[in-house]
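The structure under discussion appears below in the form of structure tokens.
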Amino acid sequence: MERVLFITSTRIGDAVINSGLLNHLVETRPEARFSIACGPLAEPLFRAVPRLDEIIVMAKKKGGGHWIDLWKQTVGKRWDLVVDIRCSGTSYFLRAGERRILSQSKAPIHKVEEAASVLGLSPAPDPVLFVSDEARARAAEILPESETWLAVCPSASAPYKVWPGDRFASLIERLVVADTGALAGGKVAIFGGPGDKAAAQPIHDRLPADRLLDLTGELDLADVAACLHRPRLYIGNDSGLMHIAAAAGTPTLGLMGPTDDRLYGPWGANTAVVRGETPFEEHYARFKDQRRFQPDSLLMDLSVDAAYDAAVALIERTNER
């Protein structure tokens with residue numbers, strides 16, 4: 001029996017981005033058992049990994065104390081392979097037959113490709129979601145096939161990445177409520193975390209209640225992953241849920257602006273990106289690493305018309321789905 005330790009990200013989106021590499025190991029090492037080290041937010045995404053021994057949840061501590069905790073929990077075993085996407089020093093102090101540690105690229109390549117470089121894989125394996133049969137059954141009840149679903153996530157991890165909620169509402173009206181909409185007659189499922197109710201309120205204010213299913217803060221992330229296999233289309237800001245929807249194979253439109261979609265855009269054949277008029281380079285030149293501290297949206301230059309056209313184009317391109 002082989003033992004593999006896979007050290008992945010704290011953040012949900014990055015954990016999804018790295019999941020294709022993990023799935024490659026699952027498929028190519030049929031005798032291996034896996035231990036996954038990740039942050040508490042991403043933990044539900046790994047519960048259904050085949051041949052899972054344990055998930056080691058690393059809650060951040062001051063002074064990097066979580067890395068010491070990880071070392072304490074793993075130093076007593078001999079690992080056949082340690083894969084460290086976090087580029088941590090911890091990996092060097094473990095007994096391992098083989099060590100693969102990410103070397104971050106200076107070139108603007110997508111983070112999926114960067115993760116694949118740890119094992120020298122080309123093309124990069126697509127991200128995947130590890131979803132249990134039980135979660136799939138719950139998702140089928142939440143989002144029944146009898147309806148056409150548009151999934152949206154109007155929130156993000158920081159205000160600067162959030163497209164205004166009233167524009168989400170206008171876009172949804174055109175797609176779902178209008179008789180000529182590309183998803184006319186469908187219903188809308190709103191996703192988000194426990195603190196994201198306010199971001200969904202403008203949609204509630206504008207759309208008929210019988211067309212909305214607000215799941216904001218209502219589901220475990222494992223159930224969110226199962227549910228996001230089911231919509232006809234997903235539209236959302238740059239967030240972990242955008243990457244989950246893309247990994248599910250659901251047609252996914254990412255609303256991008258102050259983040260570099262060459263690195264962090266949704267990955268996969270059924271995805272598209274729409275940006276405002278401001279290039280990423282201009283955002284970066286103006287704010288650099290201070291973008292995350294901006295209290296207001298940096299997507300104000302993304303119009304409803306542009307988002308609608310991009311959504312319709314993606315629907316048409318994936319009509320055979």
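Suppose we keep only residues that are among the β-branched types (Val, Ile, Thr), under 15 Å from the mean Cα position of the chain (by Cα) and assigned to a helix (DSSP H, G or I) within the range 8-30. Which one would you say is nearest to residue 221 (Cα to Cα)? Filtering the range 8-30 for residues that are among the β-branched types (Val, Ile, Thr), under 15 Å from the mean Cα position of the chain (by Cα) and assigned to a helix (DSSP H, G or I), the one nearest to residue 221 (Cα to Cα) comes out as 12.
Does the range 218-239 contain any residue that is more than 25 Å from residue 147 (Cα to Cα), outside the structural domain of residue 44 (by TED's automatic domain parsing) and within 18 Å of the chain's Cα centre (by Cα)? Checked against the condition, which is being more than 25 Å from residue 147 (Cα to Cα), outside the structural domain of residue 44 (by TED's automatic domain parsing) and within 18 Å of the chain's Cα centre (by Cα), the range 218-239 yields at least one hit.
Within the range 45-72, the residues that satisfy the criterion of being surrounded by 15 or more Cβ atoms within 10 Å (Cβ to Cβ), out of contact with any helix residue (DSSP H, G or I) (no Cβ under 9 Å at 6 or more places or on another chain) and closer than 17 Å to residue 94 by Cα are 66, 69. Among the numbered conditions (1) assigned to a loop (DSSP other than H, G, I, E, B); (2) at negative phi; (3) in contact (Cβ under 8 Å) with a residue 12 or more places away in the chain, the only one that residue 146 does not meet is (3). Could you say whether any residue in the range 166-177 is in a loop (DSSP other than H, G, I, E, B), in contact (Cβ under 8 Å) with a residue 40 or more places away in the chain, assigned by TED's automatic domain parsing to the domain that holds residue 292 and buried (at least 19 other Cβ atoms within 10 Å of the Cβ)? No.
Remark: pairs (first residue in the range 103-116, over 12 Å from residue 14 (Cβ atoms) and at pLDDT below 85; second residue among the hydroxyl-bearing types (Ser, Thr, Tyr) and part of a loop (DSSP other than H, G, I, E, B); Cβ separation under 9 Å; 6+ apart in sequence or on different chains) are absent.
Suppose the filter is touching a Phe, Trp or Tyr at 6+ places or on another chain (Cβ under 9 Å), modelled with pLDDT of 95 or more, closer than 30 Å to residue 22 by Cα and buried (at least 20 other Cβ atoms within 10 Å of the Cβ); does residue 241 pass it? Against the criterion (touching a Phe, Trp or Tyr at 6+ places or on another chain (Cβ under 9 Å), modelled with pLDDT of 95 or more, closer than 30 Å to residue 22 by Cα and buried (at least 20 other Cβ atoms within 10 Å of the Cβ)), residue 241 qualifies.
The values are calculated or read from the model by the stated rules, or taken from the named source; none is laboratory data. Since the model is a prediction, treat every value here as computed from it, not as a measurement. Please note: Cβ atoms are built from the backbone with ideal geometry, for glycine as well, and neighbour counts cover all protein chains shown.
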